[in-house]
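Comments concern the structure below.
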Amino acid sequence: MGNSLSNSVAGATLHIGFLLMPEYTLSTFANAISVLRMANRLSGEDLYRHSVFSSDGVQVKSSSGVEVIVDGPPTNPADLNVLVVCGGYNISSHCDKRTIKLLRACAKKKTPIAGICTGSYVLAAAGLLDGYRCTIHWENLTAMREQFPQLDISSRLFVIDRDRYTCSGGISSIDLMLNLVASIHGHDLVQQISEQFTCERVRTENDPQRAPLKYLIGASQPRLVEAVAMMEANIEEPLRLDTISKVVGISRRQLERLFNRYLHRSPSRYYLELRLSRARLLLLQSSMPMIEIAISCGFSTAPHFSKCYSDIYGNPPSKERSLRA
């Protein structure tokens, strides 16, 4: 789905507000601001300006103990093009009524709202992710899915869904901001920014978080973990689902239920994405011929590999490699 920032008035300076939660992750916050600063520097224009807020206007400490001077509370949401909620540790204990009220007021003003790191938990608690796709850091995935079962929560690096932007934290805030900048000011500028940051490539919404499976599904499903391990060990010659279910000791239907409940996709879809993820690493990080990559990841023909790759990543593998070059 598109995002509302792409409809911004050309030539206008966009105002991005950052709402710092107590114990916010400093690196995630700093990475996001750095993208805006670099966009201004490389363009030679004031494309973006930013303000830093706390819900009560008082300085808050990051999880590393560093304090950043804040401009006060966000008293005029209509002045913001985006409000970014910066989360971190112990987010549920810091999600107070004042913050919830503030975010709902912003939403009523139609201000786009983002949640980075665990900031998406605050958006969920305010009811602002109902009907939206979203993501959160992999350590918080299981708990958030249990607490907000109605939400469509993925394990992607970031998710852009209309006027809601969420990312998993760490350096993924760079990827989120680069994709937003690209939607407004074009890919040429983003390419320059990524080169300044020595980023090998700009990751997209289709890139997953590299998270231990136990954090994605919890430790209570050993058969599912075993099934995924079998898939990971058999990329070049994919196993039949009947074989996997027999080895782990459950029926195929039970296996499908486990995948749909905990990984939100069918076993065959998960297996396909696993193989394509391996193919993408080979495509971007090696000079292997395309047909060799296809065969090594379980595809019998290059056209079939290309079609599956395009369906997942939006570009055929040949274009993906040329963009990297």
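The values are calculated or read from the model by the stated rules, or taken from the named source; none is laboratory data. Quick caveat: nothing in here was measured; it's all calculated off a predicted structure. When we count neighbours, we look across all protein chains shown, and the Cβ atoms used for this are built from the backbone with ideal geometry, even at glycine.
Every condition in (1) of a type in the set (Gly, Ala, Ser); (2) modelled with pLDDT of 95 or more; (3) at negative phi holds for Ser92 except the one numbered (2).
Just checking, which of Pro316, Pro303, Pro267, Pro289 is of a type outside the set (Lys, Arg) and touching a Ser or Thr at 6+ places or on another chain (Cβ under 6 Å)?
Working: Pro303 fails: touching a Ser or Thr at 6+ places or on another chain (Cβ under 6 Å); Pro267 fails: touching a Ser or Thr at 6+ places or on another chain (Cβ under 6 Å); Pro289 fails: touching a Ser or Thr at 6+ places or on another chain (Cβ under 6 Å).
Of Pro316, Pro303, Pro267, Pro289, the one residue that is of a type outside the set (Lys, Arg) and touching a Ser or Thr at 6+ places or on another chain (Cβ under 6 Å) is Pro316.
Check Thr28 against each of (1) surrounded by fewer than 23 Cβ atoms within 10 Å (Cβ to Cβ); (2) modelled with pLDDT of 95 or more; (3) within 20 Å of the chain's Cα centre (by Cα) and name the one condition it does not meet. With respect to (1) surrounded by fewer than 23 Cβ atoms within 10 Å (Cβ to Cβ); (2) modelled with pLDDT of 95 or more; (3) within 20 Å of the chain's Cα centre (by Cα), Thr28 is out only on (1).
Table: residues versus (1) more than 29 Å from Gly170 (Cβ to Cβ); (2) more than 28 Å from the chain's Cα centre (by Cα); (3) modelled with pLDDT of 85 or more.
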| site | (1), (2), (3) |
| --- | --- |
| Gln209 | no, no, no |
| Pro222 | no, no, yes |
| Val225 | no, no, yes |
| Ala229 | no, no, yes |
| Leu241 | yes, yes, yes |
| Arg252 | yes, yes, yes |
| Glu273 | no, no, yes |
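Picking from residues in the stretch 47-64 that are part of a loop (DSSP other than H, G, I, E, B) and modelled with pLDDT of 95 or more, the one that is surrounded by the fewest Cβ atoms within 10 Å (Cβ to Cβ) is Leu47.
With the condition kept exactly as written, say whether any residue in the stretch 157-180 is without any contact (Cβ under 8 Å) to a residue 12 or more places away in the chain, surrounded by fewer than 19 Cβ atoms within 10 Å (Cβ to Cβ), of a type outside the set (Lys, Arg) and in the same structural domain as Met38 (by TED's automatic domain parsing). No. Note on the stretch 65-87: residues that are surrounded by 12 or more Cβ atoms within 10 Å (Cβ to Cβ), within 23 Å of Lys109 (Cβ to Cβ) and hydrophobic (A, V, I, L, M, F, W, C) amount to 7. Residue count for the stretch 21-65 under the criterion of being of a type in the set (Val, Ile, Thr), under 16 Å from Ala114 (Cβ atoms) and either free of Cβ contacts under 8 Å to residues at least 40 places away in the same chain or in contact with a Lys or Arg (Cβ under 9 Å, 6 or more places away or on another chain) (or both): the result is 2.
The sole residue among Val248, Val202 that is among the β-branched types (Val, Ile, Thr), in contact (Cβ under 8 Å) with a residue 12 or more places away in the chain, surrounded by 13 or more Cβ atoms within 10 Å (Cβ to Cβ) and closer than 26 Å to Thr166 by Cβ is Val202.
Yes/no matrix, rows are residues, columns are (1) at pLDDT 95 or above; (2) acidic (Asp, Glu); (3) over 23 Å from Asp79 (Cα atoms):
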| site | (1), (2), (3) |
| --- | --- |
| Leu103 | yes, no, no |
| Ala126 | yes, no, no |
| Gly131 | yes, no, yes |
| Pro149 | no, no, yes |
| Arg156 | no, no, yes |
| Asp161 | yes, yes, no |
| Gly169 | no, no, yes |
| Ser183 | no, no, no |
| His187 | no, no, yes |
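Scanning the stretch 82-98 for residues that are under 23 Å from the mean Cα position of the chain (by Cα) and farther than 18 Å from Ile160 by Cα yields a total of 7.
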